[in-house]
Amino acid sequence: MVDHLANTEINSQRIAAVEHCFGASGQPLAVPGRVLLGEGILTKECRKKPKPRIFFLFNDILVYGSIVINKRKYNSQHIIPLEDVTLETLPDTLQMKNRWMIKTSKKSFVVSAASLTERKEWISHLEECIRHLLTKTGRQPSTEHAAPWIPDKATDICMRCTQTKFSTLTRRHHCRKCGFVVCGDCSRQRFLMPRLSPKPLRVCNLCYRQLLAEQKKEEEADGQQPEQYRGNIPGYEPSSGDDSDKSDDYKVDQWPADTEFYNSEVSWSSFHS
């Protein structure tokens, strides 16, 4: 399919249409050899609630964003290199069906398709592209993945101390290492994890101790003096917002709130040939 579509006018037009929908807020997507293989709407499990997102599968990257006006305007573009992706099929829940996890070294998240058939199509096409890329580059599949964030509504109490109850005044936070929902007292520390961010990130107390121990062991093995990333570092992420998905509360999102993904005969995804 890639060889068939590469360097064709229809492929160029499709990519240009995607760039136009993202507008100036998006990055250029047209590069030599890149092919748009499919697109569709998937439900992404965001921090506060599941939300529809537009996804575009290219032969080397996966692009997704928020829907402002379907097929006309998208924003908050995210680009994921496919060679960094691994997939994991997940069981259904009462709220979400046809689920799977997209895991990368920087961010992992759960999506669901409108039908089991669409999930199979997405996973099949993704895995084929990933295999082709890894074969081409000689790289091994990624083994380190960022932990997915547990949704806010999954718990009313801190998942570490199990004592603090969340309320309007007692905010939820997320540990960037394990993804747990924790209270402020259980996540006062920051730790530098270059794989995720160039700045120290909020971590829970348990992960902080584990990270310190791992760092000390590595530095002793290298004969280095231990460096400490301790304390409450001012200016780094005072809130627990999902930094890489700031569009979750975007004000002009015009997608109907009552759209039913699972009770419709409409196919929400299409793959090009």
Handout entry: Failed item, numbered, when Cys158 is tested on (1) open to solvent by 40 Å² or more (accessible area, probe 1.4 Å); (2) at pLDDT 95 or above; (3) in contact with a helix residue (DSSP H, G or I) (Cβ under 9 Å, 6 or more places away or on another chain); (4) not aliphatic (A, V, I, L, M)
Key = (1)
Practice task
Taking Arg171 as meeting all but one of (1) buried (at least 17 other Cβ atoms within 10 Å of the Cβ); (2) touching a residue at least 60 places away in the same chain (Cβ under 8 Å); (3) farther than 17 Å from Gly38 by Cα, write down the number of the exception.
Solution key: (1)
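Would you mind stating whether Arg195 is surrounded by 21 or more Cβ atoms within 10 Å (Cβ to Cβ) and either in a loop (DSSP other than H, G, I, E, B) or at pLDDT 95 or above (or both)?
no
A quick yes/no check of all residues on (1) under 23 Å from Lys44 (Cβ atoms); (2) of a type in the set (Ser, Thr, Tyr):
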{"position": "Ala114", "(1), (2)": "yes, no"}
{"position": "Ala146", "(1), (2)": "yes, no"}
{"position": "Ile157", "(1), (2)": "no, no"}
{"position": "Lys165", "(1), (2)": "no, no"}
{"position": "Thr168", "(1), (2)": "no, yes"}
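Just checking: which of the strands (runs of 3 or more DSSP E) contained wholly in the stretch 28-109 hold 3 or more residues that are open to solvent by less than 10 Å² (accessible area, probe 1.4 Å) and modelled with pLDDT of 95 or more? Full working, then the answer.
Values: elements: 36-45, 50-58, 61-69, 73-81, 86-89, 99-103.
Once the strands (runs of 3 or more DSSP E) in the stretch 28-109 are filtered for at least 3 residues that are open to solvent by less than 10 Å² (accessible area, probe 1.4 Å) and modelled with pLDDT of 95 or more, what remains is 36-45, 50-58, 61-69.
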Exercise for the section: May I ask you to list the residues in the stretch 110-130 that are free of Cβ contacts under 8 Å to residues at least 60 places away in the same chain and surrounded by 18 or more Cβ atoms within 10 Å (Cβ to Cβ)? Expected result: Arg119, Ile130
Problem - Single condition Tyr208 does not satisfy, out of (1) part of a loop (DSSP other than H, G, I, E, B); (2) buried (at least 17 other Cβ atoms within 10 Å of the Cβ) - result: (1)
Completion exercise
Counting only residues that are over 30 Å from Pro148 (Cβ atoms) and outside any loop (DSSP other than H, G, I, E, B), the stretch 1-27 contains a total of 13
Exercise for the section: Considering only residues that are open to solvent by less than 30 Å² (accessible area, probe 1.4 Å) and basic (Lys, Arg), look in the stretch 174-192 and name the one that is nearest to the chain's Cα centre (by Cα). Expected result: Arg176
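Scan the stretch 131-152 for residues that are in a loop (DSSP other than H, G, I, E, B), touching a residue at least 12 places away in the same chain (Cβ under 8 Å) and β-branched (Val, Ile, Thr) and jot them down.
So in the stretch 131-152, the residues in a loop (DSSP other than H, G, I, E, B) come out as 138-151.
From what's left, touching a residue at least 12 places away in the same chain (Cβ under 8 Å): 139, 141-142, 144-151.
Across the stretch 131-152, the qualifying residue is only Ile150.
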Exercise for the section: Starting from the stretch 199-219, keep only residues that are within 15 Å of Val182 (Cβ to Cβ), then list their pairs with residues that are among the small types (Gly, Ala, Ser) and open to solvent by less than 20 Å² (accessible area, probe 1.4 Å) whose Cβ atoms are within a distance under 8 Å, requiring at least 6 positions of separation or different chains. Expected result: Arg202/Ser187; Arg202/Ser240; Val203/Ser187; Cys204/Ser187; Asn205/Ser187
Practice task
Hey, can you tell me all the residues within the stretch 131-155 that are open to solvent by less than 40 Å² (accessible area, probe 1.4 Å) and under 30 Å from Lys165 (Cα atoms)?
Solution key: Ala146, Ala147, Asp152, Thr155
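The values are calculated or read from the model by the stated rules, or taken from the named source; none is laboratory data. Every value quoted in this text rests on a predicted model; they were computed, and no experiment measured them. Neighbour counts run over all protein chains shown; Cβ positions are idealised from the backbone, glycine included. Side chains included, ligands, DNA and RNA excluded: accessible areas come from the protein's heavy atoms. Shrake-Rupley method; radii C 1.70, N 1.55, O 1.52, S 1.80 Å.
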